[in-house]
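Readers should treat all values here as calculations from the given coordinates under stated rules, not as data from a laboratory. Just so we're clear, the structure is a prediction, and the values are computed from it rather than from any experiment. A quick note on method: Cβ atoms are made from the backbone with ideal geometry, for glycine too, and the neighbour counts reach across all protein chains shown.
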Amino acid sequence: MGLGKQKDLWYGGKNNPVLTPAPYLLNLIPIMIGKKKILITRNYPAAGMDLLKKEPFQLTFWEKERPMTPDELAAQAENHDALLCTLTDRIDKPFLDRCSHLEIISQFAVGYDNIDIPEATHKKIPVGFTPDAMSEATADIAFGLMIATARKFFFLHKTILNKEWGYFNPTSHLGFEPKHKTLGVFGLGRIGVKMAERCKAAYDMTILYHNRTRNALAEKQLGARYVSFDRLLEESDILSVHCALTPETRQIFDARAFRKMKPSAVFINTARGPIHHEPDLIEALQHKELWGAGLDVTDPEPMAPDNPLLSMENVCVLPHAGSGTMEARDRMSVLAAENIIMFYKTGRVSHIVNPEVLTG
Ligand code: DGY
């Protein structure tokens, strides 16, 4: 049983809502931590791994470049108390049935669609994650993709590689300027706001958004206007996706949605590939229902090198690199490690997906 599940050993102090160990337990903590075996599924940045190494945990690092297969992951996790994993690890019901003894799962990512959260919650396993660590980095990628697509960076680069850099041509391969255009944000949360801030500051763009709940702060600070999903589709010049992948958002950008968009619009997705229906996106671009697309996420990942999107003039694709800065990956590593350390020291997890497991 996880320490977080043994609530009688922990108390909040007199006026202290924070759970702290009962005093008589303090000198036992190293021994308790010492018993804990943590499985670390990838080569995560040292910033967080060094924190784990300072604690008396027993750490197992998966040292191969490739992720573990589902069988390898379950076989390893069976002999561990905690798991530090990421989006390439499938934490589904069969895995959780086999590893229901896990005391904490700490995800190195803000997204956690690779984890069956209801099942983890049902099994009373807390799931930590790393929100906000990569908001700036991912917004930079979305903003970069907007410009790269509007100006055909990747296509033009390929013309040089293909020895097609000929004479200056005043009318060929022209892009467009984002200044004063309308940005539509689907999912105006932490990353969506950062993207909107960039577009507002750089190009004085009008900001529209669609969310499950209104973002009053962004409405006030950025003048962002809440609209229905259909209006977002109809009015956006750039439509940038920043929501989580959920049953509701899976393939919400399909043929119907693309048909509603302006033929001059650019679709940007830096969230999760399955939020758009890739064959429908390809068709919309081929039929010029959309002007272009900038994608940091695809479905499936990795994308096949012969995918038609890769040879389209107005499409820029990146290999899921949104959080790929040294700063962001270090922060993610620290948060993922801290979630585990805090759990074993205090019974709490500062960034948790399913808090009801610890409070219920
Ligand atoms: C996330 O954090 O969810 C990104 O997609 C990967 O870093």
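Here are the numbers for this structure:
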| read-out | value |
| --- | --- |
| Spatial separation of Cα centroids for the range 44-78 and the range 238-260, in angstrom | 34 Å |
| Rel. contact order, % - alpha carbon contacts under 8 angstrom, at least six apart, the range 135-317 | 24 percent |
| Calculated from backbone phi, Karplus (6.51, -1.76, 1.60) coupling profile of the range 158-167 in Hz, x at Gly/Pro | 5, 4, 5, 4, 8, 6, 10, 7, x, 6 |
| Residue range of the chain that is longest and free of trypsin sites (Lys or Arg not before Pro) which are both DSSP loop and sparsely packed (at most 12 other C-beta within 10 Å) | 65-162 |
| Neighbour-limited loop hits for GluC sites (Glu not before Pro), the range 204-285 (at most 10 other Cβ within 10 Å; DSSP other than H, G, I, E, B) | Glu248 |
| Mean Cα-pair separation over length for the range 243-323, i.e. relative contact order, pairs under 8 Å, 6 or more apart, % | 30 percent |
| The range 63-160: GluC sites (Glu not before Pro) in DSSP coil with no more than 13 other Cβ atoms inside 10 Å | Glu63, Glu65, Glu78 |
| 222 nm mean residue ellipticity, helices alone, for the chain (DSSP H n ≥ 4; -39,500 (n - 2.57); rounded to 500) | -10000 deg cm²/dmol |
| Least to most buried among His276, His210 (fewest other Cβ within 10 Å first) | His210, His276 |
| Neighbour-count order for Thr213, Thr298, fewest beta carbons within 10 angstrom listed first | Thr213, Thr298 |
| Under 28 Å from the Cα of Lys124 - lysines, other chains or at least 8 residues apart | Lys5, Lys7, Lys14, Lys35, Lys36, Lys37, Lys53, Lys54, Lys93, Lys345 |
| Whichever lysines have a C-alpha closer than 29 Å to that of Lys220, once near sequence neighbours (fewer than 8 apart) are set aside | Lys179, Lys181, Lys194, Lys200, Lys260, Lys262 |
| DSSP-defined antiparallel bridges as percent of all bridges, the chain, nearest 5 | 10 percent |
| Surrounding net charge for Ala337, when Lys and Arg each add one and Asp and Glu each subtract one, Cβ distance under 14 Å | +3 |
| Cβ charges +1 (Lys, Arg) and -1 (Asp, Glu), total dipole of the range 135-317, debye | 500 debye |
| DSSP beta bridges in the range 135-317 [antiparallel fraction, %, rounded to 5] | 0 percent |
| Cα-based reach from Lys288 at 18 Å (exclusive), listing aspartates and glutamates while leaving out same-chain residues under 8 positions away | Glu234, Glu235, Asp237, Asp254, Glu278, Asp280, Glu313 |
| Gly189 long-range amide H proximity, modeled H, under 5 Å | none |
| Fewest-first sequence of Ile147, Ile160 by Cβ atoms within 10 Å of each Cβ | Ile160, Ile147 |
| Within the chain: Cβ-based charge dipole about Cα centre, in debye rounded to nearest 20 (Lys, Arg +1; Asp, Glu -1) | 860 debye |
| Translational diffusion coefficient (Stokes-Einstein; Kirkwood radius from C-alpha pairs) of the range 135-317 at 37 °C, 0.692 mPa s, in µm²/s | 199 µm²/s |
| Candidates per GluC sites (Glu not before Pro) in the range 308-351, loop by DSSP, up to 16 other Cβ within 10 Å | Glu313 |
